[in-house]
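Let me begin by presenting the structure, written as structure tokens, before commenting on it.
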Amino acid sequence: MNIKEKFKNIELNKSLKGLTTFKVGGGSKYYLEILDIEELQSCVKYCNDNKIEFLVLGWASNVLISDNGFDGLIIKLKNQEIKIQDSFISVSAGTSLSNFLQFTLDNNFIGAEFLAGIPGTLGGAIYGNAGIPNKSISDILESALCVSKKGKILEIKKENCKFSYRNSIFKENKYIIYSAKIILDYGDTNISKELVKKSILERNLKQPIEYPSAGSFFKNVKITDELKNNLKDFDVSIFEKSGIIPAGFLIEKAQLKGFEVGGAKVSEKHANFLINYKNATAGDIYNLSKKVEEVIFEKYKIKLEPEVQLIGKF
Ligand SMILES: Cc1cc2nc3c(=O)[nH]c(=O)nc-3n(C[C@H](O)[C@H](O)[C@H](O)COP(=O)(O)OP(=O)(O)OC[C@H]3O[C@@H](n4cnc5c(N)ncnc54)[C@H](O)[C@@H]3O)c2cc1C
């Protein structure tokens with residue numbers, strides 16, 4: 001059976017540019033919106049049997065899709081259900097973080113305030129263990145229901161999710177998260193609402209949200225003695241407690257703020273944001289990221305790693 005017969009609502013040659021927060025990139029050979037886990041499982045099995053590459057996209061707020069696009073199937077999870085069940089909240093992976101956060105505030109739950117201002121879906125957040133310096137999605141997760149690369153349905157408890165900084169078992173094994181159980185306490189959401197407001201105001205001041213981007217482009221870097229030695233011209237003592245040096249600090253010290261390649265630029269507001277400044281292509285953004293990596297390595301012998309997922313061929 002061909003793919004069009006198997007999945008009636010499949011779209012061919014779907015443009016992805018408008019779906020991404022970077023507003024760049026080519027299309028995908030196939031694109032399918034999926035509502036339930038059985039269809040997801042059947043889709044994964046079909047792709048395996050027919051050697052079709054597949055990838056799930058959430059809000060596409062942490063990806064850079066090549067100008068040549070993706071030569072396979074992009075899956076989008078349409079289910080956005082949020083339900084309170086006994087001691088946890090059950091949330092579909094396609095739910096936006098902002099809708100989830102609003103739900104928690106409306107239902108007197110506290111502890112999800114750190115998600116304020118992070119675009120994206122719950123699935124994308126769990127995949128990359130999204131968060132802020134002192135809190136990430138792993139802190140509020142109980143378990144995730146997912147489909148393995150081979151099409152098996154698995155429920156993985158938090159302690160087996162191998163969460164670390166911007167990493168998880170889902171990223172390592174390419175599992176597709178379908179839904180998750182979240183645990184939060186009941187409490188005074190008036191304080192939470194104030195925290196959310198404050199954090200959004202701070203983001204608006206510090207981040208170039210007026211330009212398309214994918215948030216912080218590079219991962220922050222673990223402090224080592226060697227690194228401290230390479231950075232001896234700067235006072236890095238303020239970072240000692242957290243044990244990491246923000247990639248943005250290094251990029252700023254290397255005087256790369258405002259550096260441009262084509263229509264892509266290192267933001268002047270936040271050095272770890274590469275922005276689509278003037279009709280950039282994905283190639284411009286990629287080449288800019290390579291230039292930043294090169295300069296940081298030359299100056300400080302540090303190999304920056306992208307936090308943003310590169311999709312397709314660059
Ligand atoms: C302005 C701005 C600010 C940001 N601030 C932050 C921040 O403070 N902290 C932070 O951590 N991030 C931040 N980000 C990055 C981004 O919003 C998060 O990483 C978010 O969690 C990504 O979710 P998404 O649904 O957009 O994932 P996508 O970008 O769609 O996908 C990212 C990766 O996750 C995979 N994925 C998506 N859904 C699933 C699923 N259901 N199952 C398995 N894999 C999946 C994709 O295949 C891809 O590899 C920011 C981005 C922007 C644009």
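Just a few scattered comments:
- The Ser242 and Leu205 beta-carbon pair, evaluated with R₀ = 25 Å, returns a calculated FRET efficiency of approximately 0.75.
- Sites Asn287 and Met1 - FRET efficiency at Förster radius 51 Å, r taken between beta-carbons, to 0.05: 0.75
- Neighbourhood charge, 11 Å Cβ-Cβ cut-off, centred on Phe114 and excluding it, Lys, Arg +1 and Asp, Glu -1: -1
- Residue-averaged 222 nm ellipticity for the chain, from DSSP H runs of 4+ at -39500 (n - 2.57), nearest 500: -8000 deg cm²/dmol
- With a cut-off of 14 Å between beta carbons, the residues surrounding Ile244 carry a summed charge of +2, where Lys and Arg count +1 and Asp and Glu -1.
- One equal scatterer on each Cα of the chain, no solvent, Debye formula: the resulting log10 I(q)/I(0) at q = 0.11 Å⁻¹ is -0.73.
- Taking 7 Å steps out from each Cα toward its Cβ at Gln85 and Asn9 produces label points 2.2 nm apart.
- Hits among aspartates and glutamates - C-alpha to C-alpha of Lys232 under 16 Å, sequence gap 8 or more where chains match: Glu240, Glu252, Glu298
- Taking the chain and dividing mean pair separation by its residue count, relative contact order in percent (alpha carbons under 8 Å, at least six apart): 18
- As a length-normalised measure over Cα pairs under 8 Å and 6 or more apart, the relative contact order of the range 173-249 settles at 28 percent.
- For the pair Asn107 and Lys23, a Förster radius of 41 Å applied to the C-beta separation gives a FRET efficiency near 0.75, rounded to the nearest 0.05.
- Only lysine pairs 8 or more places apart, or on different chains, with alpha-carbon atoms under 22 angstrom apart are counted in the range 8-77, and they number 17.
- Relative contact order, percent, the range 42-198 [alpha-carbon distance under 8 Å, six or more residues apart]: 25
- Karplus-based coupling profile of the range 300-314, in residue order and whole Hz: 10, 6, 10, 9, 6, 10, x, 8, 5, 7, 8, 10, x, 9, 10, with θ = phi - 60° in 6.51 cos²θ - 1.76 cosθ + 1.60 and x standing for Gly or Pro.
Values quoted throughout were computed directly from the atomic coordinates according to the rules given, and no laboratory measurement underlies them. Quick caveat, the model's predicted, so the values are computed rather than measured. Backbone-built Cβ (ideal geometry, glycine too); neighbour counts: all protein chains shown.
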